[in-house]
Amino acid sequence: MIFRQFIIRTWFPQRSDAGGTQEVRRAMAKTSLMTAAGLLLSMMSSVSLFGQATFTVASSVATAADIGLTELTGQIDLTVYSGTTVAAPFSIRYSAPITNNSMQEVVVYGTGGLIPVAPHPTFDAVNNAILIDVPAGGGFGSQIRILGVRVAIPGINDNRVTAFVTGLSAAGNSILAGQNIVTVIDRFLPPFTVPLNTMFPLEFKNGVAINTQTSIYIHETYPTAFTDSVGILGQTVRTTFKIKPFPGIPQGVKLIFAPIAASAETLAVLRTKSGQAETVPRDDGSTDVEYEYVSAIYSNVTIESFRFFISIEVEPTAGSGTIKFQATLVPIGAAKPDATHPSTAIPRYLELTLPDESDLLMGTVELAYPFRVQQDATYTGIAVTNPLPYRTKISLTAYDANGLLIFGAGVTNPVSFILPRSGQLAKLATEIFGTGFNASSLGTIRLAGNTSVLAGFYLQGRESTSGLDGATADLSPKQKTFLPVVSHGGPSPATEVEFYNPGTERATATLDLYDSTGRKVSVASQEVVGGGTAVRDLREIFPQVDLASFEGGYISTLSDKPLSLKETFGNSLDFNVLPAQVPLQQERFYFAHFASGGGYETELNLINTASSVAASVTLTLMDASGSPFGIVSNAAELTIQPGAQAIRTVSALFPDLGSTLRTGYIRVDVRPISTGYYSSTPPIVGSLRFSAASGYSSAALPLVMAPMSEFVYSHVAQALGYYTGVAVLNTGSTAATVTVRAYRENGQEAGSFVTVLQPGQKIAKLLYELVPASSGQLGGYIRIHSSQPILSFSLFGTDDGLSLSAIPPQNVGQ
């Protein structure tokens, strides 16, 4: 009777509620004890391998949390069925790391002639085993039972945990053949779930709560996942959940958490540690609330669910927003406590927060990445940057020219990823979709993210030459735009127009071709099916026009449905990409950088899109300090007739610069025109193009780039012959504090640089000069924050001077 009670109280530990009532908590689902018939068969057919007594080995199996670092294994029974034991040890080696704080937590007891066995084993850390010193004198039926061994589950390359039992001496006791290995944990499960479909966010708008209460459910996934057996087999804490608001609590908002969440199945509860309702944020700014588990009589055999109620109080100044909730099992730890995770609590876990933040982010972002057909001997690299401190889900779907899903051998489409916090994905398109993905068609990759902000960038390169350029992947389709460049320089100049129709209906675009004088030369049209992509050479669009005779020119486009347009222009040596532009009426623009002399040239392209008034433009060269260059006639005057285009190089406009390399930026002033009581400026579009005298290594930027205060560049290359640079210009009237941060693809910050730019001041440096820790970095991105809006762009290229690309900034301000 005493032995039976000991088994019940030790192997099936009881839970106690606040009043001290004892209930049975843990029941083992299975045992592998032999039946009498099986034992008899074994005795008839097996022989002892060596030693004085032969043992059978049996075990009970347990279910473990897949994130558990201190999970209880099933008991092991060693039973004598032949001979008499001699004093010799058994080793029991586990297939998962043993994580007991002390062997005092492991209980060993014997029956019959083995009652003298030591109550606790010895730990053999080298072999991840426990050692049991078997006493002499145990005969048939005498037994040793071991329970309380804890192991870490994460990282196990198996779907179970086993124990291998063996004698350590040839003169010692032995194990019946075939019974050395037993299973002590037979399955790993997530210990809890939090269903998304039962959680409705707390919402407030303009300082008024839209819904004042919500709830979050936590479901146990197997009956013994939650436990309050403190003091039994080494357990030191009750199962504890931390509930936290996502993404946080804004100023002017308070949340009130109910004191308990009760299980409808058993009346077990999860209660706040204070036993009272808790209001957050607290005075110290903390917003998490912890709940401890208290079991009920049938908890050990029942899967339980708990519903937590949270209400909201909103001040009129709170603004608008939504709040959702996540749950985490705590404490968080490591199998072997360390400086990062010092907790020695039992149980402890790897971090699992549910729902995952990637499921809770609200908003939708779409990006579009064009790609060319494989036979064009080009490659496409795409990058998407997640600037938020939360994991983000994205899906990428590749469509062919007709807007149809690409499929076939060697193609996986669509593809999903979870971007790291503040992280990035940067791959070749063939790495994402497979080697056969663009074998037969060009098209567009459509990216969708369940977040409020993402930044995308793509590169297109030629396999056989050094040509390389790219553009942002922003998807902002428009109906009326301008393509400011018709390629006119270098060997075999050419211009291609890319049309992408993000809608579902067929769209028709009308293209008006103008020469540099503003004369409309020709008109053509292009149809694009819904979801489709078309790439056309201007020579195909306007076959009757001798484009080789053009000394410039541009295209005006008008479509019946919004389209996303880009142009690729250049020659056999190099090419550039520019998005279609919308004219802007503004008295002052800036070209954020120029380089002239020393083998470099900068070409300015300005188009007056007004139909009836000329544009009077003054160009002034500025140095990095914000002062005009000290040269004769540092104020080039241009008069651009209605519809006309002015293409000039810096060296031609400012011959006094000389032949040595000079850099800075250009201020562009457009004289306002008075019409009656009103004053306005002609609408201008244009571009800036840097190039090397060799004809290789050119880069282009649009004229109109809005000043920003929080933006990213989704490309960093500072090794294998590549460099990356950044230019920032303060066009404002007050000083700007600028912080440049370099991030790696995994979201880790490589380093940062902080400076103060005075009005008109500019810096342009290689990234590793600003952030030395980024030296040698391939992949990742640059994030820049300024205390007031500034102009900026990034430039990357190759050390041999054969490739160059300019990247406009992408706004990520919230």
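Could you say which residue among Ala692, Ala635 is aliphatic (A, V, I, L, M), at pLDDT below 95, over 22 Å from Ala580 (Cα atoms) and surrounded by 18 or more Cβ atoms within 10 Å (Cβ to Cβ)?
That would be Ala692, the only listed residue that is aliphatic (A, V, I, L, M), at pLDDT below 95, over 22 Å from Ala580 (Cα atoms) and surrounded by 18 or more Cβ atoms within 10 Å (Cβ to Cβ).
Identify the single condition in (1) surrounded by 17 or more Cβ atoms within 10 Å (Cβ to Cβ); (2) among the β-branched types (Val, Ile, Thr); (3) at pLDDT below 95 that Thr35 does not satisfy, given that it satisfies every other one.
Single failed check for Thr35: (1).
Limited to region 280-291, what total is found for residues that are open to solvent by less than 70 Å² (accessible area, probe 1.4 Å) and either out of contact with any Leu (no Cβ under 7 Å at 6 or more places or on another chain) or in a helix (DSSP H, G or I) (or both)? Let's see the steps before the verdict.
First, the residues of region 280-291 that are open to solvent by less than 70 Å² (accessible area, probe 1.4 Å): 280-281, 285-291.
So of that shortlist, the ones also either out of contact with any Leu (no Cβ under 7 Å at 6 or more places or on another chain) or in a helix (DSSP H, G or I) (or both) come out as 281, 285-290.
Number satisfying all stated conditions: 7.
Just for region 198-213: of the residues that are in a loop (DSSP other than H, G, I, E, B) and open to solvent by less than 100 Å² (accessible area, probe 1.4 Å), which one is nearest to Leu354 (Cα to Cα)?
Met199
Those residues that are outside any strand (DSSP E or B), touching a Ser or Thr at 6+ places or on another chain (Cβ under 7 Å) and among the small types (Gly, Ala, Ser), I need them from region 666-699; list them, please. If you could, list the steps in order and put the result at the bottom.
Within region 666-699, the subset outside any strand (DSSP E or B) is 671-672, 676-677, 681-683, 693-697.
Those left that are additionally touching a Ser or Thr at 6+ places or on another chain (Cβ under 7 Å): 671-672, 683, 696-697.
Correct list: Ser697 only.
Filter region 429-438 for residues that are open to solvent by less than 10 Å² (accessible area, probe 1.4 Å) and either more than 26 Å from Leu388 (Cα to Cα) or modelled with pLDDT of 95 or more (or both) and give the result. Write out each step before concluding.
If we filter region 429-438 for residues that are open to solvent by less than 10 Å² (accessible area, probe 1.4 Å), which is where we start, we get 429, 433, 437.
Within region 429-438, Phe433, Phe437 meet the criteria.
A quick yes/no check of all residues on (1) among the hydrophobic types (A, V, I, L, M, F, W, C); (2) touching a residue at least 12 places away in the same chain (Cβ under 8 Å); (3) open to solvent by 20 Å² or more (accessible area, probe 1.4 Å):
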residue: Asp376; (1), (2), (3): no, yes, yes
residue: Ala383; (1), (2), (3): yes, yes, no
residue: Pro389; (1), (2), (3): no, yes, yes
residue: Phe407; (1), (2), (3): yes, no, yes
residue: Gly410; (1), (2), (3): no, yes, yes
residue: Gln424; (1), (2), (3): no, yes, no
residue: Ile445; (1), (2), (3): yes, yes, no
residue: Val453; (1), (2), (3): yes, yes, no
residue: Gly456; (1), (2), (3): no, yes, no
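Rundown of residues vs (1) open to solvent by 30 Å² or more (accessible area, probe 1.4 Å); (2) under 29 Å from Leu547 (Cβ atoms), yes/no style:
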| residue | (1), (2) |
| --- | --- |
| Glu567 | no, yes |
| Ser572 | yes, yes |
| Phe575 | no, yes |
| Pro579 | yes, yes |
| Gln585 | yes, no |
| Gly599 | yes, yes |
| Thr602 | no, yes |
| Ala614 | yes, yes |
| Ser627 | yes, no |
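Can you name every residue in region 520-546 that is surrounded by fewer than 17 Cβ atoms within 10 Å (Cβ to Cβ) and touching a Gly at 6+ places or on another chain (Cβ under 6 Å)?
Gly530
Residue under question is Ser441, and the condition is that it be under 18 Å from the mean Cα position of the chain (by Cα) and surrounded by fewer than 21 Cβ atoms within 10 Å (Cβ to Cβ); does it hold?
No; evaluated as a whole, the condition is false for this residue.
Of the residues Gly530, Gly626, which single one is touching a residue at least 60 places away in the same chain (Cβ under 8 Å) and touching an Asp or Glu at 6+ places or on another chain (Cβ under 6 Å)?
Gly530 is the lone residue from the list that is touching a residue at least 60 places away in the same chain (Cβ under 8 Å) and touching an Asp or Glu at 6+ places or on another chain (Cβ under 6 Å).
If Phe90 satisfies every condition in (1) modelled with pLDDT of 95 or more; (2) touching a Ser or Thr at 6+ places or on another chain (Cβ under 6 Å); (3) farther than 29 Å from Ala225 by Cα; (4) buried (at least 19 other Cβ atoms within 10 Å of the Cβ) but one, which is the exception?
So the condition that Phe90 fails would be (2).
Of the residues Lys393, Lys336, only one is open to solvent by 70 Å² or more (accessible area, probe 1.4 Å) and in contact with a Phe, Trp or Tyr (Cβ under 9 Å, 6 or more places away or on another chain); which?
When all the criteria are applied, what remains is Lys393.
Which is modelled with pLDDT under 95 and open to solvent by less than 10 Å² (accessible area, probe 1.4 Å), of Gly138, Gly172, Gly155?
One residue alone meets the criteria, Gly172.
The values are calculated or read from the model by the stated rules, or taken from the named source; none is laboratory data. The shown structure was predicted, so the numbers you read here are calculated from the model rather than taken from an experiment. All Cβ positions, glycine included, derive from the backbone under ideal geometry; neighbour counts span all protein chains shown. Accessible surface areas use protein heavy atoms only, side chains included; no ligands, DNA or RNA. Shrake-Rupley method; radii C 1.70, N 1.55, O 1.52, S 1.80 Å.
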